[in-house]
């Protein structure tokens, strides 16, 4: 491999070095996976302590879990929006037809259609905003509700098993 002195003395920032190493690991000929032992070996070669790798691994796992929860949360919110859009379409179609059948013009049903439509539009805006303080608060409320539900489910299962024994 031919290198010149300019390439040997090249200095990279931490983010650049991380990006280069990520690409190099991804280009490996095997299945692209590293064992935990290999991870520690690479860390040792780079002068990274085992404690730092373990802490980084724990942080990565927590971040990965949160990212997966956010994907589920976003899907949940979009599903609720689709249900609300369906309800909006069904109810307002009925109201408009009822209004037209009764008075042969759009009068009171138009007010309901537009008012409900405005609320639905604002809801859609919030659903597709996946950044910011409001989003984080909504996500944390949903996550807490989910965790409480799981805890209650687990406690109920244990209680039922205890009753059966």
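A few points about this structure:
- Failed criterion for residue 90 (all others in (1) modelled with pLDDT of 95 or more; (2) within 27 Å of the chain's Cα centre (by Cα) hold): (2)
- Taken over the stretch 47-66, the criterion of being exposed (fewer than 10 other Cβ atoms within 10 Å of the Cβ) and in a helix (DSSP H, G or I) is satisfied by 51 alone.
- In this structure, residue 146 does not qualify as assigned to a helix (DSSP H, G or I) and farther than 23 Å from residue 62 by Cα.
- Each residue in the stretch 79-107 was checked for being under 18 Å from residue 134 (Cβ atoms) and surrounded by 13 or more Cβ atoms within 10 Å (Cβ to Cβ), and 1 pass.
Rundown of residues vs (1) closer than 30 Å to residue 65 by Cα; (2) out of contact with any strand residue (DSSP E or B) (no Cβ under 9 Å at 6 or more places or on another chain); (3) part of a helix (DSSP H, G or I), yes/no style:
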| residue | (1), (2), (3) |
| --- | --- |
| 77 | yes, yes, yes |
| 96 | no, yes, yes |
| 106 | no, yes, no |
| 110 | no, yes, yes |
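The values are calculated or read from the model by the stated rules, or taken from the named source; none is laboratory data. It should be emphasised that the depicted structure is a prediction, and the values quoted were computed from it without experimental measurement. As a convention, Cβ positions derive from the backbone with ideal geometry for all residues, glycine included, and neighbour counts pool all protein chains shown.
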